[in-house]
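**Student:** My questions will all concern the structure given below.
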Amino acid sequence: MTTFVRGKTVAILESRLGEQLCSLIAKAGGRPFHAPGLAEVPDLDLDQIAALIPELEAHPAKFMVFQTGVGTRALFNAVDTLALTDRLLALLVASTVVVRGPKPTAALRSRNVRIDLSASAPFTTHEVLELLQPLPVARERVLVQRYGVLNVELDRALEARGAQVLEIPMYRWSLPPDTGPLSALIDALDQQQIDAVAFTNAEQVRNLFAVARQRGRAEALKAALNRTLVASIGPVCSQALSEHGVRFGVEASPPKLGEFVAALEKALAA
């Protein structure tokens, strides 16, 4: 990141890699405003996983869809704990393994899992559905590794084609325990103290507006964001912004952190 950021205040809503992004802004002479926009809460039931493996052995899933690296690793950590890893690997060998993007790909390859189908960039539900479109899913079980929320679009599209969809929750997204930084960001935006806002997840948008609604400030937040440079990590996040009436000036392509930072830098320079 170059000196185009110098002296500018950039709000970062990323939680997991938030400190890394803030460090990049600070090293370039900018002022990071860190307001973590979501929390990843474990939603893993070991008893459920213990029951799932023999149930899948009795009634196999023809297709297994992995959506996130975090969730994929959590699943393998669970079966490691339960001494069921070999049985899960055998189920994967017998199924068609579908991945949504590079992160679940890396997690599966670390376990030497064969990957049959990989969604193309920008790695959204749309690309996963395109990948599955030619496949005979009618009357077949499709196992979906859930990410932070239920993927209603994916499930309904598969069910409409006659598939039996089974989602495995690994973690869920929620408001962070401390919403004070989000509230402070709403105030700073209202006072025009923020030069750019960086959204790296659609739930960050929804959570920021949830806090604003609690304070009766949703319309004020929308107006403030629309006079500020808003950066989106990719199409899913951009859709959430549009649903809240917010115009985004930056969208990373492909939706990866490196490209996102580069696009934000370019926009700040302009």
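**Student:** Output yes when any residue across the range 47-61 is in contact with a Pro (Cβ under 6 Å, 6 or more places away or on another chain), without any contact (Cβ under 8 Å) to a residue 40 or more places away in the chain and either of a type in the set (A, V, I, L, M) or assigned by TED's automatic domain parsing to the domain that holds Asp195 (or both), and no when none is.
**Tutor:** Checked the range 47-61: no residue is in contact with a Pro (Cβ under 6 Å, 6 or more places away or on another chain), without any contact (Cβ under 8 Å) to a residue 40 or more places away in the chain and either of a type in the set (A, V, I, L, M) or assigned by TED's automatic domain parsing to the domain that holds Asp195 (or both).
**Student:** In addition: I'd like to verify a number: residues in the range 216-270 that are aromatic (Phe, Trp, Tyr) and closer than 17 Å to Leu21 by Cα, how many?
**Tutor:** 1
**Student:** Still on this structure: Name the residue that is nearest to Lys266 (Cα to Cα), counting only residues in the range 208-236 that are within 14 Å of the chain's Cα centre (by Cα) and surrounded by fewer than 23 Cβ atoms within 10 Å (Cβ to Cβ).
**Tutor:** Pro235
**Student:** Another question about this same structure. Somewhere in the range 28-42, is a residue surrounded by fewer than 18 Cβ atoms within 10 Å (Cβ to Cβ), in a loop (DSSP other than H, G, I, E, B) and in contact with a Gly (Cβ under 7 Å, 6 or more places away or on another chain)?
**Tutor:** Yes, the conditions are met somewhere in the range 28-42.
**Student:** Right, here's the next one. Taking the range 209-260 as the region of interest, how many residues are of a type in the set (Gly, Ala, Ser), part of a loop (DSSP other than H, G, I, E, B), under 21 Å from Ser15 (Cβ atoms) and free of Cβ contacts under 8 Å to residues at least 60 places away in the same chain?
**Tutor:** Looking only at that region, the number is 1.
**Student:** Exactly one of (1) in contact with a Pro (Cβ under 9 Å, 6 or more places away or on another chain); (2) surrounded by fewer than 20 Cβ atoms within 10 Å (Cβ to Cβ) is unmet by Gln67. Its number?
**Tutor:** With respect to (1) in contact with a Pro (Cβ under 9 Å, 6 or more places away or on another chain); (2) surrounded by fewer than 20 Cβ atoms within 10 Å (Cβ to Cβ), Gln67 is out only on (2).
**Student:** Looking at the structure I just gave you, is Ala106 surrounded by fewer than 20 Cβ atoms within 10 Å (Cβ to Cβ), under 25 Å from the mean Cα position of the chain (by Cα) and hydrophobic (A, V, I, L, M, F, W, C)?
**Tutor:** yes
**Student:** What number of residues within the range 62-98 satisfy the criterion of being assigned to a strand (DSSP E or B) and farther than 16 Å from Val165 by Cα?
**Tutor:** 0
**Student:** Find the residue count for the range 180-204, including only residues that are hydroxyl-bearing (Ser, Thr, Tyr) and either under 14 Å from Ala223 (Cβ atoms) or touching a Leu at 6+ places or on another chain (Cβ under 6 Å) (or both).
**Tutor:** Of the residues in that region, 0 qualify.
The values are calculated or read from the model by the stated rules, or taken from the named source; none is laboratory data. Just so it is clear, the structure is predicted and the values come from calculations on it, not from any experiment. Counting neighbours? That spans all protein chains shown, and the Cβs are built from the backbone with ideal geometry, glycine included.
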